Amino acid sequence: MIRIFIVFLVFVCSIVSAASAFVVEGPRTSTGNAIEDLKRASRWSMTDGSLLATGQRGLGGGLEYSVDKSICEIHFVDGATCADARSVIAAALERWSSGHPILKFTDVSDQITPSFPLAVIGETDQGAEIDFYAATALQFPNFRNAQMNGYTIFYDRPVGYVTLSNGMRSDWAKDRIESADIRVNRERCFYVDENFAKTKPGCVHFPTLIFHEIGHALGLGHPEEYPSKNIDNDDVPYNAVNVNCLAAVDSLKVSRNVAGSAVMVRRNVHSPGLWKRGLSHDDVAGRDALYPHCDITPLPRFEQLWGSFARSDDGSIGISRGADTARDAVSIAMSDCEATSISCQLYKPFNGCFAYAMAKEDVRNANSGFDRRYWGMASSQDPVAARVNAVAECNEKRGQTNVCRVHTQFCAFDE
Ligand SMILES: [Zn+2]
């Protein structure tokens, strides 16, 4: 029996809750406790042989992946080729395996044809361990949702135990992932060249999408989806998570403190930001908790960036983002604002997202200007919370409900 676990990616506007360290997708039945769930989570198991050599599905021989020729039919607005798409996939996989002695990926596209297990009677042909496809809405009905960029499904088999990547046997984890299919929505347009982010804002940065989907194929979920399932080793977001290589769960706890910039957060795969920053400490912690090993090399990981904001009563604003220090963020935002005003005031520097709301002169008229006397500002890891809180503060100052609108919004880690 093969179980299907469905994970998908939805456009940024569906996000309402806070983001945090990392979450796992499994197990089949949640215990209600994130740490217990982590112990039991489905994952790829250690195997002696490989799929090609011995027919064994698991980490042995690397996770063997096959890129379907449909990937060549993706609409790339920047002229990226089939070969470019393949190198992007290889580079994204390489990032997930970087520093890890066991978790590796092997391209078997020439030897194994991708196959979708559900479509095959008898479940004998599952394709490679990870298959990459592009599909139309007709071929894959979930893509009728035009906002869905990619969709990853993994299949796990209940075998009673899992051999962890550190060689230890886990009798808590009972289900081994045997196959994963990563699909890209052919109804959408894509680009590889980061310079196309601004010229084609409706299209999707292919490397970022693939980078995110691979995390699902490894068994990771969206951190912001269920805040009560989020795992860290402390309550400090952004810092490195020290995962005990012999007993991962012993070093971890549930934490609701947030880091909205992880690759596994489904916030924004349209822009190249996640790709430019690379795996965060939280992404790597999720990987290392599912795939522990005592010889993992700690590599430089994306930690945090600072942003700031300044405003004046005469209507000037100053913005900074992507700064390495709080001090840099402050001075950039101030000089940006002071370019057009002498009375700029600063909002405190932040790592998350920010929103500036102002009252509308005439709220019934969509084209009316802003009434600069009434405003609110807020920052939060969750961009939605920042917007909601900024608007609420502004409405309160104005003494009315529903008169304020967001004027400016951005995240410190935005590109
Ligand atoms: Zn996703």
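The values are calculated or read from the model by the stated rules, or taken from the named source; none is laboratory data. Since the model is a prediction, treat every value here as computed from it, not as a measurement. Cβ placement follows ideal geometry from the backbone for every residue including glycine, while neighbour counts extend to all protein chains displayed. Remember, those area values only see protein heavy atoms, side chains included, never the ligands or the DNA or RNA. Shrake-Rupley method; radii C 1.70, N 1.55, O 1.52, S 1.80 Å.
Here is how the numbers come out for the structure above:
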{"read-out": "Overall form of the range 3-290 per C-alpha gyration tensor (a/c, 1.5; a/b vs b/c)", "value": "oblate"}
{"read-out": "Average accessible area per residue (Å²) across the range 3-290 - probe 1.4 Å, nucleic acids and ligands excluded", "value": "37"}
{"read-out": "Size of charge dipole - the chain - debye, nearest 20, with Cβ of Lys, Arg +1 and Asp, Glu -1, no other charges", "value": "860"}
{"read-out": "Difference of contour (0.36 nm per residue) and Cα-Cα distance, LEU138 to ASN239", "value": "32.0 nm"}
{"read-out": "Of PRO272, ALA285, ILE342, farthest towards positive along the dipole that unit charges on Lys, Arg, Asp, Glu beta carbons give the range 224-361", "value": "PRO272"}
{"read-out": "Sequence-distant residues sharing a close amide H with THR106 (under 5 Å, placed H)", "value": "LEU63, GLU64, TYR65"}
{"read-out": "Flagged links, alpha-carbon separation over 26 Å, of LYS69/LYS229; LYS174/LYS253; LYS200/LYS360; LYS198/LYS276", "value": "LYS69/LYS229; LYS200/LYS360"}
{"read-out": "Beta bridges per DSSP with both ends in the chain, % antiparallel, nearest 5", "value": "70"}
{"read-out": "0 to 90° range, to nearest 10: angle between helix 206-217 axis and the chain longest Cα axis", "value": "50"}
{"read-out": "Additional length obtainable on full extension of the chain from ASP324 to ASP48, 0.36 nm per residue less Cα span", "value": "94.9 nm"}
{"read-out": "Helix axis angle, 82-97 relative to the chain longest principal axis, alpha carbon, degrees", "value": "90"}
{"read-out": "Estimated FRET transfer efficiency when R0 is 22 angstrom, pair ASN33-VAL159 (beta carbons, to 0.05)", "value": "0.40"}
{"read-out": "Placed amide H near CYS353: partners under 5 Å, 5+ positions off or other chain", "value": "SER380, GLN381, ASP382, ALA412"}
{"read-out": "Net charge of Cβ neighbours under 13 Å - reference GLY61; Lys, Arg +1; Asp, Glu -1", "value": "-2"}
{"read-out": "Cut-off 15 Å between beta-carbons: net charge of the residues surrounding HIS281, Lys and Arg +1, Asp and Glu -1", "value": "-3"}
{"read-out": "Protein accessible area in the chain, 1.4 Å probe - carbon and sulfur %", "value": "50"}
{"read-out": "Net length gained if the chain between ALA366 and ASP314 were fully extended (0.36 nm per residue, minus Cα distance)", "value": "16.5 nm"}
{"read-out": "Viscosity 0.890 mPa s, 25 °C: Kirkwood-radius Stokes-Einstein D of the range 297-415 over Cα pairs, µm²/s", "value": "167"}
{"read-out": "Accessible surface, 1.4 Å probe, highest first, among residues THR29, THR152, THR297", "value": "THR29, THR297, THR152"}
